[in-house]
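The values are calculated or read from the model by the stated rules, or taken from the named source; none is laboratory data. All values derive from a computational prediction rather than experimental measurement. Note that each Cβ is placed from the backbone with ideal geometry, even for glycine, and that neighbours are counted across all protein chains shown.
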Amino acid sequence: MKNWGMGMGKGIAGLMALASATMLSGAAWASTVGQPTPGGIGLQEAASPLKHDAHFFHDWILMPIITVITLLVLGLLIWVMIRYNKRANPTPAKWSHNTTVEIIWTLGPVLILAFIAVFSFRLLYAYSDIPDPDVTVKVTGYQWNWGYEYPELGVSEYVSNLLPEDEARAQGVPYLLAADEPMVVPVGQVVRLTVTAADVIHAVALPAFGLKTDAVPGRINETWFRAERTGVYYGQCSELCGVNHAYMPLQINVVTQAEFEQWVASRGGSMTFLADQAAEAAAVEAAAAEAAAATAAAEAAAAEGEAAEVDAAATETATEPPAAAPAAQ
Ligand SMILES: [Cu+2]
């Protein structure tokens, strides 16, 4: 008995130590935005406007409704079990329909769903209503990695793979979330993602920005976010896409505008890529127009000379039928 008591004491102390360690590590982890936290039960901390809206929808619309419905149903169950059990209610009523009750339990849920739909559709619409994008990234899902391309900045596609476990441990980044070549975007700017896949269906999902968009072969889906803080954000493929589905994480590095421009340059791109291309095209067009004008002028001069020759010939053979006349035209 004494041993049991001591064991119990040790056990409680151990549990308390474990709890405080968990709380401590929880506190340490809480400062890390953009990745899951041990023991976390809520949604990941928001780092983009739509994720804040998703939080509001979850915390203030769905959770209260779910809680009230659950408590109501629990209360009804308890009431029925106590009030209408065989002992308390030996002779049950014989009726089987009650119009008033049926209207209430049909109309009630319909109204609740309609109320939820207002907020749900508003959020859904906000995802499709993409503001003018500052940066466009084409995301392509492959078995089993991601391709990122910045077509408007001249950054050609590069492939982002899972960071191997030993390297992740060495760098102190989360294994299975960290990537070797992350997507890089500027902070505070509207980033539009055009999402597609090359083999099977994948899905771009990143909790901190509230992203979840299917990557479907032969189809372009769009989504967007505006990162509110610099940092590293992690997500994962969210469509069962084959044996290495768990090994194709999404890592987005949010950096300052200057750092972003540096990064674009290091990738062989340029912030003025589109303007440069347009200027180049305009220059080529202008040169072509100039050459065409020169050719036309030369041709006109040649034609004039020919006409003069023909005129001379026509004067010489003026007595002949007007066979030469069409040639002179
Ligand atoms: Cu996938």
Completion exercise
When (1) under 19 Å from T136 (Cα atoms); (2) within 16 Å of the ligand (Cβ to nearest atom) are applied to C237, the one that fails is (1)
Problem - Check on R219, more than 11 Å from the chain's Cα centre (by Cα), at pLDDT 95 or above and either surrounded by 17 or more Cβ atoms within 10 Å (Cβ to Cβ) or of a type in the set (K, R) (or both) - result: yes
Practice task
Hey, can you tell me all the residues within the stretch 162-203 that are of a type in the set (D, E, K, R) and within 16 Å of the ligand (Cβ to nearest atom)?
Solution key: D199
Exercise for the section: Give the residues of the stretch 240-250 that are in contact with a His (Cβ under 7 Å, 6 or more places away or on another chain) and more than 9 Å from the ligand (Cβ to nearest atom), sorted by residue number. Expected result: none
Exercise for the section: Return only the number of the condition from (1) more than 30 Å from H52 (Cα to Cα); (2) at pLDDT 95 or above that L250 does not satisfy. Expected result: (1)
Fill in the blank from the handout: Within the stretch 240-260, the residues that are more than 19 Å from L153 (Cβ to Cβ) and part of a helix (DSSP H, G or I) are H245, A246, Y247
Practice task
Give the residue, chosen from W224, W263, that is under 16 Å from the mean Cα position of the chain (by Cα) and either more than 22 Å from G40 (Cβ to Cβ) or β-branched (V, I, T) (or both).
Solution key: W224
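Output the residues belonging to the stretch 214-239 that are part of a strand (DSSP E or B) and either outside the structural domain of A178 (by TED's automatic domain parsing) or closer than 21 Å to L176 by Cβ (or both).
Going residue by residue through the stretch 214-239, those that are part of a strand (DSSP E or B) are 214-215, 217, 221-226, 231-237.
A215, G231, V232, Y233, Y234, G235, Q236, C237, listed by residue number.
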Practice task
Filter the stretch 115-134 down to residues that are surrounded by 14 or more Cβ atoms within 10 Å (Cβ to Cβ) and among the small types (G, A, S) and give me whichever is modelled with the highest pLDDT.
Solution key: S120
Practice task
Please specify each residue of the stretch 156-187 satisfying the condition of being of a type in the set (S, T, N, Q) and part of a loop (DSSP other than H, G, I, E, B).
Solution key: N161
Completion exercise
Scanning the stretch 224-257 for residues that are farther than 19 Å from Y175 by Cα and of a type in the set (S, T, Y), the one surrounded by the fewest Cβ atoms within 10 Å (Cβ to Cβ) turns out to be T256
Handout entry: Among the candidates A208, A258, residue that is assigned by TED's automatic domain parsing to the domain that holds A198, more than 14 Å from the ligand (Cβ to nearest atom), of a type outside the set (K, R) and touching an Asp or Glu at 6+ places or on another chain (Cβ under 8 Å)
Key = A208
Exercise for the section: Find all pairs meeting these conditions: Cβ atoms under 7 angstrom apart; at least six residues apart or on different chains; first residue within the stretch 220-247 and in contact (Cβ under 8 Å) with a residue 12 or more places away in the chain; second residue within 16 Å of the ligand (Cβ to nearest atom) and in a helix (DSSP H, G or I). Expected result: C237/H245
